Every structure is written in C-alpha cells, then in structure tokens.
Amino acid sequence: MKHLGLIGYPLSHSFSKKYFTEKFEKEGIEDCTYELYPLENIDDLPKLLHKNPYLCGLNVTIPHKVSVLKHLDWIEHDAKRVGAVNCIKVVSQSPVSTAFSGELAFNNDDLWLEGHNTDIYGFDGSLNPLLTQNHDTALILGDGGAARAVKCVLENRGITYKTVTRKPAPGNLLFSELTVKDIEDNKLIINTTPLGTYPNVDECPPIPYEGVGHKHLLFDLVYNPEETLFLKKGKERGATIKNGYEMLVLQAEKAWEIWNSNTVK
C-alpha cells in the first residue's frame, strides 16, 4: 500500500485530499491512500516520517513551504531558486523492524527526501496557452508565498513584472499608488492574494479596473468561487480571464508523476 498525504497547519480543508481520493476511485487505484497530517512544527517532520514508514509522498502547504527546505536531501533547481517546496518524494531504503513493537522504522540515513515545486509547473501550464504578444509585461498582485512560483514562471518566459503590495517594500508598487496607466501598460495581471476567496466573494484587489481592456489577461490563483469579483470586473471590460483550478489540477498530476518516478539519487 502506497501512502501519500498533505502536511501543513491548520488543515481545515484540502483540495489535494479530495482530488486524489476521487482520482483513486475513478481510476481504480486500490493500493494508494491520501491523508491529512496536521503538522504545527516542521521540525516534527522526521518524527512523522518514522511513525509512518510507508509514506512515499507528501504535499506541503502553509506555513511550511519554505521552512521544510532544511529537512530535504535534494531540491529541484526551480524550487531551490524560488526557495519554496510544495511536493516531497520520500524514498525509503532498508526498513528494519523495531525490537519492541515490531513496527517498521527507519534510521535517518535510510530516508532520502526530494523537494519539488509543482506550483511552478501548474501555473506555467495553465498560463501558457493564453499568452499572446501583448503579454510581455505583468503586474503581480501580492507578494506572499504564492507569488514565488508566479515570478519564477514569468522570469523563465522572459516576461518582466512589477509586484504590487499594500505595504512598502523595495522595488514594489503600492496598491494605493497604482494608476490607470499602470494597468493599461501591463496587459497581464495576476492575483496571488486571497482576496475574493469564498466566503468573502465581495472582495477584490483594489486596482483601477477602468484601465483593463480586451487585450488584457487576468489570472486569479483563487479557484473558489469559480469567477471571483476580480475576474468578473476584468470580464466586463473584455479581458480574457482564468482562475486557479486548472493550476491546482496540473500541480497535483505533476506530484503524482514525481511520486511514481525513479528517484534522482
């Protein structure tokens, strides 16, 4: 039996658990399970792995995408570049029985942990089919953990960007100072903030939407609701819009591919 799961804290709801549970049922995969592992302190990861010796893959969510790096043996290039990991492949070698309980356990040297960032793959795969020659510059709304994968994809594709935040930060624009011209000059606008997420569906990033036109592409990492107020406002002005659902599906399938691939060791 192959055990997979999600670590983070708190874990009140999970796209990944629902997705993989439905995937296993639909595809008749009977030798896999996917569970939630609430982990308040990332330094408890080794203990979790040793307590669950059949774990072979983990997704990583808030607040551990950055702090988990110190526990990994190998980190994929782009994941290392952005400094965030959301997928771990656990390679177990030489299981030994404990003398007292008879349960399988591993010594530290018998675990090999690979770190990947499938958010990068998911965002790139979802964004790329919609890009045109108009989208050579972008505005990234928000500068939290979700923005890291977005920046990496834009840099890989040669798209220059500016980051927009509420509070001053070196090199960033402020929402309060954003002008209509800023919107007009950047035809790709990506929301990485949680604004508009259910149940707060009446919220949206405070940008001058009057600058949006039919050449714009508005991408929202939020997927619930399907059409956020940010996307609705863009759609009303003729923009192409996209939510974050496909990105999540692509990153989940990439994680599945990684878990079922040969280790890089």
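The values are calculated or read from the model by the stated rules, or taken from the named source; none is laboratory data. Small disclaimer: the values here were computed from a predicted structure and weren't measured. Neighbour counts run over all protein chains shown; Cβ positions are idealised from the backbone, glycine included.
Some notes on this structure:
- Close pairs from region 1-25: first under 14 Å from L39 (Cα atoms) and at pLDDT 90 or above, partner among the β-branched types (V, I, T) and surrounded by 11 or more Cβ atoms within 10 Å (Cβ to Cβ), Cβ under 7 Å, at least 6 apart: L6/T61; I7/V60; G8/V60; G8/T61; G8/I62
- Hits in region 1-34 - residues which are in contact with a Leu (Cβ under 8 Å, 6 or more places away or on another chain) and not in a helix (DSSP H, G or I): H3, L4, G5, L6, I7, G8, Y9, L11, S14, C32, T33, Y34
- Selection count where residues are touching a Gly at 6+ places or on another chain (Cβ under 7 Å) and either part of a loop (DSSP other than H, G, I, E, B) or among the charged types (D, E, K, R) (or both), scope region 240-261: 1
- Boolean, R166 is modelled with pLDDT of 95 or more, surrounded by fewer than 19 Cβ atoms within 10 Å (Cβ to Cβ) and within 16 Å of D119 (Cβ to Cβ): no
- First in region 148-167 and in the same structural domain as T137 (by TED's automatic domain parsing) and without any contact (Cβ under 8 Å) to a residue 24 or more places away in the chain, second anywhere and assigned to a helix (DSSP H, G or I) and surrounded by fewer than 21 Cβ atoms within 10 Å (Cβ to Cβ), Cβ under 6 Å, 6 or more apart: R166/F175
- Search result, residues across region 46-64 that are of a type in the set (S, T, N, Q) and farther than 12 Å from K89 by Cβ: N52, T61
- In region 44-70, the residues that are farther than 19 Å from H116 by Cβ reach residues that are surrounded by 15 or more Cβ atoms within 10 Å (Cβ to Cβ) and at pLDDT 95 or above with C-beta atoms within less than 6 angstrom, at least six apart or across chains, in these pairs: Y54/H3.
- Restricting attention to region 105-134, the residues that are surrounded by 21 or more Cβ atoms within 10 Å (Cβ to Cβ) and in contact with a strand residue (DSSP E or B) (Cβ under 9 Å, 6 or more places away or on another chain) total 9.
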